[in-house]
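No value in this document is a laboratory result; all are computed from the given coordinates. Remember, it's a predicted structure, so these values are computed and weren't measured experimentally. Cβ: placed from backbone, ideal geometry, glycine included. Neighbour counts: every protein chain shown.
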Amino acid sequence: MRVLFQNHSSLLIQVGERYLLTDPWFNQPAFGSWLPTFAPYIHPTYLAALGDKLNILISHGHDDHFDDRLLKIFDKNTKVITASYKAPSVVNRLKNLGFENVTTVGEEEKEIDGLLISSYIVEEFSHDDSAFLIRNSDGAIIHANDNWHIFEKEHEKILCERTKQYPKEAVLMFSQTNSASGYPLNYKNFSDAEKTKILRSKVAKMVEGGLRNAEKLGLQRMFSYAGFATAYVKNKNYERVGLFPTAKFLKDLLADEGIESSAEIVDLYPGDSINLPDGSITQAFIKNYNDEKIKQVTDAFYQTYENINECISFCKLDVPPSTLNEWVDDFLDAFNEFVERRVKGPDSHFTDLLGKTFSLVVSFDGTKSISKSIRFGSGPIDFKNDANKICYVSGESLFSILKGESLFENLYTGYNAEWERNPQDVYNRDIIMMVVMFSYVYKHRLSKALKEKYSSSET
């Protein structure tokens, strides 16, 4: 078995003449702003040309793992594997793209074309994300993608049992090594120096989680991935202040944060491949570039090919502010009603959410125009400039959300808005979780009717 690092969370696994491609991502913005840095080492056309020799694994539904536009070029008879999630959204999305040969896997292993594949969902962390174990007689790959948290005891036990037969160099741990949300860079509460300090500490803890998992399995190394993305937001400089988690950078970061581990983060760049069972690394044919140069050239590529113009902050606003004002009222009413239903139903553990406040400030050409607030459980209230969460967003970015072309979540995870929290030291995770959940409900169920309502009002 041979494992090639494509980019971000994408691995190309070769077994004989067959291939398994995980989480392919090319040049479609994720979260309305993210683009991959690095670009894929092997151009997707070569992979799509493999036809029935290729299977694809989609770990979960985030766009940096599930690139709808890219998947359109693949044969629709391609076998696609994903986790056995309770919600059918990933499977439905694949079927909407035309894929019918979809296989779901849970903790019980399934043999799929010479590979045993299983998934591990921690619902306390996320209902919609999963780590995977992929193995055969040569070795095992832990494709943890965004699951950097310490393994649950039961999952640790299963993984130890299923990997104990292999020499340690034949078990590969891939774990997320970068922030997957806008915090702290898009928070107005903090100075630039504070943001940098918080971000470095946050990422160090994430990396430590992956290293501790490697240690629990008795492994001596871990590979950095699922962190090579850049956010492009109009009039912001996130592409220059985000972290670039190569092995060297992470080793220096851990040393600065005083974190030690018996497992080592090993250098692995796109195009490098790992040979199993001996675990040796074959370097990519193209290798002699430096990190800063590849970032600069990638920025230039996305500018030249206008991929950045697809990011939502660069969208055109083609309704007047007066229409947007009424549309925002309906949007916030729906958000409040959604939160009430969730707290009184499946999310009753968010006992403190009702009564908290959320404010939305919308600007046009940099000037405030719309300012609104809601109290969860009550509805609209007079504007509060000290609400528990405040979202500052451009009319262009919000319009993309309102008409159902992008997710509400993209204002947070995608850096497409600035945020504030009050009190400053209280995260209010419950509000952000509701933002994420409401994103999909609004986009897929509610946006169409409101778009028709406000489009017709302009004619």
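Taken over the stretch 39-72, the criterion of being of a type in the set (Val, Ile, Thr) and over 22 Å from the mean Cα position of the chain (by Cα) is satisfied by THR45 alone. The residues listed here are LEU317, LEU324; of these, the one that is in contact (Cβ under 8 Å) with a residue 40 or more places away in the chain, surrounded by 11 or more Cβ atoms within 10 Å (Cβ to Cβ), among the aliphatic types (A, V, I, L, M) and part of a loop (DSSP other than H, G, I, E, B) is LEU317. Among the residues of the stretch 355-396, those identified as touching a strand residue (DSSP E or B) at 6+ places or on another chain (Cβ under 8 Å), hydroxyl-bearing (Ser, Thr, Tyr) and under 28 Å from CYS315 (Cβ atoms) are SER359, SER363, SER369, SER371, SER373, TYR392, SER394. Note on the stretch 8-28: residues that are over 23 Å from LEU116 (Cβ atoms) and crowded, with 24+ Cβ neighbours inside 10 Å total 2.
Candidates in the stretch 73-110 are the residues that are more than 26 Å from TYR46 (Cα to Cα) and of a type in the set (D, E, K, R); of these, the one that is nearest to the chain's Cα centre (by Cα) is LYS86. Restricting attention to the stretch 105-119, does a residue exist that is in contact with a Ser or Thr (Cβ under 8 Å, 6 or more places away or on another chain), among the aliphatic types (A, V, I, L, M) and over 25 Å from PRO277 (Cα atoms)? No, that holds for no residue.
PHE350 fulfils the conditions (1) crowded, with 20+ Cβ neighbours inside 10 Å; (2) touching an Asp or Glu at 6+ places or on another chain (Cβ under 7 Å) except for a single criterion, (1). For the stretch 183-221, the tally of residues that are within 21 Å of GLU420 (Cα to Cα), of a type in the set (D, E, K, R) and assigned to a helix (DSSP H, G or I) stands at 6.
Is it true that THR177 is touching a helix residue (DSSP H, G or I) at 6+ places or on another chain (Cβ under 8 Å), of a type in the set (Val, Ile, Thr), surrounded by fewer than 18 Cβ atoms within 10 Å (Cβ to Cβ) and under 27 Å from ASN428 (Cβ atoms)? No.
Residue pairs whose Cβ atoms lie under 7 Å apart, sitting 6 or more positions apart in sequence or on different chains, and linking a residue in the stretch 121-148 that is closer than 16 Å to ASN178 by Cα to a partner that is among the acidic types (Asp, Glu) and not in a strand (DSSP E or B), are ASN145/ASP23; ASP146/ASP129; ASN147/ASP129. Considering ILE294, ILE265, ILE259, the condition of being aliphatic (A, V, I, L, M) and over 23 Å from the mean Cα position of the chain (by Cα) is satisfied by ILE259 alone. Candidates ILE274, ILE294: the one that is in a strand (DSSP E or B) and not charged (D, E, K, R) is ILE274. Inspection of the stretch 111-121 identifies no residue that is closer than 29 Å to VAL435 by Cα and of a type in the set (Asp, Glu).
For the stretch 415-455, the set of residues classified as within 24 Å of SER363 (Cα to Cα) and of a type in the set (Gly, Ala, Ser) consists of ALA417, SER439, SER447, SER455, listed by residue number.
Can you find a residue that is surrounded by 15 or more Cβ atoms within 10 Å (Cβ to Cβ), in contact (Cβ under 8 Å) with a residue 60 or more places away in the chain and charged (D, E, K, R) anywhere in the stretch 63-86? Yes, some residue in the stretch 63-86 is surrounded by 15 or more Cβ atoms within 10 Å (Cβ to Cβ), in contact (Cβ under 8 Å) with a residue 60 or more places away in the chain and charged (D, E, K, R).
So for the stretch 12-22 (the condition being more than 28 Å from GLY404 (Cβ to Cβ), among the acidic types (Asp, Glu) and touching a residue at least 40 places away in the same chain (Cβ under 8 Å)), does at least one residue qualify? So far as the stretch 12-22 goes, no, none of its residues is more than 28 Å from GLY404 (Cβ to Cβ), among the acidic types (Asp, Glu) and touching a residue at least 40 places away in the same chain (Cβ under 8 Å). Of the residues screened, TYR415 is not one that is in contact with a Lys or Arg (Cβ under 9 Å, 6 or more places away or on another chain) and surrounded by fewer than 22 Cβ atoms within 10 Å (Cβ to Cβ).
Put simply, of VAL207, VAL233, VAL241, VAL203 the only residue that is aliphatic (A, V, I, L, M), under 28 Å from LEU411 (Cβ atoms), in contact (Cβ under 8 Å) with a residue 12 or more places away in the chain and surrounded by fewer than 16 Cβ atoms within 10 Å (Cβ to Cβ) is VAL241.
Among residues that are surrounded by 13 or more Cβ atoms within 10 Å (Cβ to Cβ) and under 18 Å from ILE401 (Cβ atoms), THR357 is not included.
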